[in-house]
Amino acid sequence: MPVAHRLANAGASLQDLRLFARRIAFGTLFDLFYLLSEGPNHALRETLGIVDGGYPGWLLVEVDSNGEPTGRSIDDVYVGLRTSDPSGRQGRDIFED
């Protein structure tokens, strides 16, 4: 990636570049999961000037192998994202100095 090479050539450490890339990836996933979990009624309320109940939302639901709803919804997907860090550090290396 040319920009990464330029940053490394300008003195950025490879570790810092890795942490930066992980932080961007985390933020993207968090925002996506937040929007999917909370729906546009919550996530876009301020931007669109919407009051509660004034805009349809959505609900993530589990389906079986035939695509039929199981009756279980998937809520707050974004909440446990940090606990899924494979390093076991819960993202502390990208959020704390």
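The values are calculated or read from the model by the stated rules, or taken from the named source; none is laboratory data. What you see is a predicted model; the values in this text were computed from it and never measured. A quick note on method: Cβ atoms are made from the backbone with ideal geometry, for glycine too, and the neighbour counts reach across all protein chains shown.
Here segment 47-74 is the region considered, the condition is being outside any loop (DSSP other than H, G, I, E, B) and at pLDDT below 75, and the residue that is nearest to Arg22 (Cα to Cα) is Thr47.
Residue pairs whose Cβ atoms lie under 9 Å apart, sitting 6 or more positions apart in sequence or on different chains, and linking a residue in segment 71-83 that is under 13 Å from Gly27 (Cα atoms) to a partner that is surrounded by 15 or more Cβ atoms within 10 Å (Cβ to Cβ) and among the hydroxyl-bearing types (Ser, Thr, Tyr), are Tyr78/Tyr34; Tyr78/Ser37; Val79/Ser37.
For segment 19-41, the criterion of a residue being at pLDDT 90 or above and charged (D, E, K, R) is satisfied by no position.
A count restricted to segment 75-94 and to residues that are within 19 Å of Asp16 (Cα to Cα) and of a type in the set (Asp, Glu) stands at 2.
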